[in-house]
Each structure stands twice: as C-alpha cells, then as structure tokens.
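Visitor: Quick one: the structure is below, and I'll ask about it shortly.
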C-alpha cells in the first residue's frame, strides 16, 4: 500500500500527547529502480509487522582535558530499523524485501529512500537506507513464519513533513 493511500485511511492521530508504536509511520521506495520522486508513492511498512525497531545509536569519543577533566564528545548518530513481524505473502513491502534481488543484492542495488514520521504531527525524517534481511519466513511447522528486515540509514537524514496529496503525491 502506498503512503498516500495508508494515510488517507489512517484514523486521525492527535498532534500532542503520548505515542504508541502504530503512531509512527515508515515507508520505503520499493520501485524497481529505487528512484520514486514522491514519498507519497513509497510503500508503507505496517502489515503483519509488529515492531519497526527504530533506534538511534550515538557515536562518542572520550577525552581528558587538563583544566576540565574527563569529557565525552558526541561525534555522530546512526539511525537503524530492525523490522520484525510475520510473513505475509502478497504484502508489497515484504515481497520486495524478500525477493532474491534484495536478499542477495549488494551495494546500491539494496539502497532505497525512506521516510519515517509521526502520524499526528506529520513531521520526521527522510533519507536513504541499506536493506538487509536476517529472517525470511522461517518457523516451526505450525508457527507463523518470522521476518526480520533491517534498514541501516546512510548519512544524516533530512527533515521531512508529510502533506496529503491535493492532485499529486505526498512530499
């Protein structure tokens, strides 16, 4: 399902107050060549997914200064997603990520644009991530197949604000 279609059917989320996992929206460019112009056409990551596993990992270095003592300097932050859920054949995001082109692909072939934002405020981030697959549906005989798809963000994402389409796609 496209981001625009998902947002159109999503119940209104308040712009303030506490957040739960389903208030955060992740969508990925799953087009064949990975150059979809409008984020509104990206594929939403939601169906049969129980956790987006969004994480921020800061890089730091410790220094000791004569007049100041011990100090920690933040040198960067790395965003990643460890997406987990159950295998659902026919679901666009899972089918794309679990294709041999992505599971066994390398380099820029497995890099795609993404957006991640709060459904209430419509604000978040936009960037490029490398897709890796850790689990592609394995399970015990009577258990649901498990999937684990990882997105490791390349560089620093930019600010993003979702706007509903008026005659085109979201931005």
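All of the numbers you see were taken from the coordinates with simple rules; none came from a lab. Only a predicted model underlies this, so the values are computations on that prediction, with no experimental measurement involved. Cβ placement follows ideal geometry from the backbone for every residue including glycine, while neighbour counts extend to all protein chains displayed.
Visitor: If you project the alpha carbons of the range 25-119 onto their three principal axes, what span does each projection cover, largest first, in Å?
Guide: 62, 28, 26
Visitor: Based on the mean of other Cβ atoms within 10 Å per residue, sort peptides 116-123, 155-162, 68-75 so the most packed one is first.
Guide: 116-123, 155-162, 68-75
Visitor: May I pose another question? At 0.36 nm per residue, and after removing the present C-alpha to C-alpha distance, how many nm does the segment from residue 143 to residue 59 gain when stretched out fully?
Guide: 26.4 nm
Visitor: Over its Cα atoms, what ratio of radius of gyration to 2.2 N^0.38 Å does the chain give? Can you show the working numbers first?
Guide: Details: Rg = 18.1 Å, N = 171, 2.2 N^0.38 = 15.5 Å.
So the Cα radius of gyration is 1.17 times the expected 2.2 N^0.38 Å.
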